1. Among the residues of the stretch 518-539, what is the count of those that are surrounded by fewer than 18 Cβ atoms within 10 Å (Cβ to Cβ), at pLDDT 75 or above and in a helix (DSSP H, G or I)?
2. So which residues in the stretch 579-599 are more than 27 Å from the chain's Cα centre (by Cα) and modelled with pLDDT under 80, if there are any at all?
3. Could you figure out which of (1) basic (Lys, Arg); (2) modelled with pLDDT of 80 or more; (3) over 28 Å from residue 477 (Cβ atoms) isn't true of residue 622?
4. In the stretch 198-207, how many residues are free of Cβ contacts under 8 Å to residues at least 12 places away in the same chain and crowded, with 19+ Cβ neighbours inside 10 Å?
5. Can you name every residue in the stretch 92-121 that is among the polar types (S, T, N, Q) and part of a loop (DSSP other than H, G, I, E, B)?
6. Out of 260, 248, report the one residue that is more than 20 Å from residue 282 (Cα to Cα) and touching a Phe, Trp or Tyr at 6+ places or on another chain (Cβ under 7 Å).
7. I need the full set of residues from the stretch 284-303 which are free of Cβ contacts under 8 Å to residues at least 60 places away in the same chain and over 13 Å from residue 317 (Cα atoms), in order please.
8. How many of the residues in the stretch 619-674 are more than 24 Å from residue 166 (Cα to Cα) and not in a helix (DSSP H, G or I)?
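The values are calculated or read from the model by the stated rules, or taken from the named source; none is laboratory data. Please read all numbers here as calculations on a predicted model, not as lab measurements. A quick note on method: Cβ atoms are made from the backbone with ideal geometry, for glycine too, and the neighbour counts reach across all protein chains shown.
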Amino acid sequence: MEHALLHLPAASRPFRWIALASLCAVAVAFTLYTLAGIAPPSRWIAILDGRAQDAVQSLTFTQVALPRIAISWVVGAGLGLAGLLFQQALRNPLADPATIGVSSGAYLALAAATLYAPRLLEWSAEGVALAGGIAACVLVMAVARRSQFATIHIILAGLIVSLFCGAAAGALTLMNHEYLNGLFVWQTGSLAQNGWQKVARMLAQYAVLAVCAGLLARPLVMLTLDDERAAALGVHVSRVRAASIALGAAFSAIAVAWVGVVGFIGLMAPHLAGMLGARTLAQRMLAAPLLGALLLWATDQVVQTLGRSAASIPTGSACALLGAPLLLWLLFRQRAGLGTRPAPGAASPARHGVILQDKYSDRTLLALCAAAGAASLLVALALGRDAAGWTGLADTAWATIRDWRVPRVAAAALAGAMLASAGTLLQRLTGNPLASPEVLGISSGAALGVIGVLLLTADLGAPGMLAAASTGALAALAVIAALNWRAGFSPERVLLTGVALSTLFSAFAAFLLTSGDPRAAALLTWMSGSTYRATSASILPGLAILGLALGSAIAGRRWLLILPLGAEGAQALGVAVLQARLYFLVIVAVLTASATILVGPLSFVGLLAPHMVRGLGLQRPRAALAGSVLAGAAIMVLADWAGRIAVFPWQIPAGLVAMLAGGPAFLWLLWRSK
């Protein structure tokens with residue numbers, strides 16, 4: 001039994017042909033314009049026959065322009081098929097090559113090789129990137145193996161591995177910005193070619209992988225059923241899922257190795273195939289690669305045309321810039337909920353995670369969390385480093401603690417508490433253990449506001465950043481409300497809107513980092529979760545916002561108990577689902593925007609803290625919320641302290657440290673889970 005992973009509206013038959021014809025026309029028209037800019041059309045036949053008199057013009061036409069068109073077809077087709085394999089195997093409409101961590105692993109491998117093993121790059125830069133991507137995928141598979149490759153474990157492991165690799169690469173970049181600046185262009189996806197060698201090798205590799213994908217078509221159809229039903233029909237579910245993910249990762253790793261990171265194609269091509277009428281898996285396996293190739297081809301040709309009159313935009317960033325608005329438009333067309341299916345074997349959404357113990361009472365566990373939070377505050381305020389070595393309270397002037405350490409510690413604690421509580425609320429609201437404040441898109445909107453003002457002004461002080469972040473956060477909330485009001489704030493739809501906004505933010509950020517702007521390093525530091533700009537003036541407003549938000553959340557704790565049962569169950573128990581979802585959505589938005597304003601768009605804390613608290617055994621809404629606040633504050637305070645003293649006199653942003661320290665711990669928890 002087949003089903004559309006994302007219930008996008010199926011277009012009418014005339015509209016399908018008009019849409020496809022329009023996209024093809026755009027690609028062909030811009031291609032002709034690009035080629036005409038290299039050589040007049042009257043000379044094309046002579047160039048292809050080898051009779052051209054201008055050797056430079058002939059080489060540019062045949063060895064640069066034409067291979068670039070071909071590579072866009074090959075890469076787009078491979079990414080489209082990879083996205084379909086991931087979405088079908090994981091039963092998750094948000095799955096794409098980035099979910100398995102291939103892109104982040106490849107970039108981390110290149111960054112590390114550039115600094116510590118440059119001879120490997122001389123041997124094969126593509127091989128280094130491929131090895132990094134494959135290593136990240138293998139780690140994900142190893143973590144999920146004990147659970148027989150359960151869907152939820154693969155997605156969680158892939159997300160954490162991707163964040164960990166991104167944090168490690170970000171730390172290397174911050175400390176060696178002058179050496180790694182050249183990798184930014186590659187990271188954002190560049191299809192520039194110098195011959196047909198890459199096209200030929202990629203085509204041969206993809207042909208082998210495509211045959212293997214075709215052999216998996218029949219068992220993949222069975223994965224649309226529950227795992228138990230598929231197994232009853234003779235399908236070895238874990239093996240089929242692992243093989244599909246491995247094939248998708250291979251498609252993605254090869255693309256990353258040759259052209260860099262190209263986003264959006266693997267996410268949207270399968271959904272567009274379904275919208276245009278492909279219903280069976282066989283139809284989607286044919287349509288998704290064709291649409292992926294068409295999308296990347298058209299995007300790259302538009303990028304080349306615009307690059308003649310303005311600053312060149314990397315193709316990967318352009319795909320995100322064009323793809324995010326298209327995804328938002330599709331969401332606007334979709335009036336009902338997305339209807340995504342829960343992970344196999346899922347019981348209650350609130351019970352997702354690894355439960356380490358259930359012996360101690362909630363009061364005991366909260367007391368332990370409070371003690372851990374107090375200890376982290378004491379360590380961060382009392383211990384430090386200077387040119388002479390370690391310093392304690394007796395060695396540090398009170399003015400230093402009051403004016404420098406207290407603001408940073410307070411900002412880190414407030415941001416961690418806000419993001420952790422927002423993550424707890426969002427996971428209960430959506431019933432999705434992958435949900436985090438960053439996914440909602442509010443932090444992305446706030447960061448987008450800062451980037452937009454930064455591009456227009458010569459300097460952006462603290463007041464300007466506060467105003468820009470506030471405006472961006474409010475704009476993101478307005479977009480979420482506008483696109484989800486008629487659908488009753490369906491949890492899956494809200495998350496997908498956040499993904500689109502996050503994608504848009506990433507594209508803008510990547511464009512700025514590749515533009516050569518001298519403010520790029522400072523922006524990267526802020527994006528990584530830095531407390532450098534924290535001041536004493538932000539402490540009291542932050543405490544007020546946190547207290548008001550937590551009080552409002554606790555007042556609706558009955559809804560938090562009922563909402564995970566689903567819309568029908570909640571309505572049967574007398575809950576107004578639309579109003580309840582909107583209520584908590586506003587609380588999450590306020591918490592996330594406030595944390596972003598304080599220390600930048602942090603990552604991972606809103607995901608890790610709720611899982612840690614559930615692992616300790618805090619399941620009831622009020623206890624889980626209180627525990628998440630304490631755990632999130634402790635994590636961020638210790639992360640900020642470690643970032644200040646680990647590589648003194650250099651400093652690593654707290655967001656990166658939290659990811660580097662917490663990622664392996666969370667992977668271990670996943671590995672222990674069955």
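1. Here the count works out to 2.
2. Correct list: empty.
3. All conditions pass for residue 622, except number (3).
4. Total meeting the criteria: 0.
5. 92
6. 260
7. Hits for the stretch 284-303 are 286, 287.
8. Residues flagged as more than 24 Å from residue 166 (Cα to Cα) and not in a helix (DSSP H, G or I) within the stretch 619-674 amount to 4.
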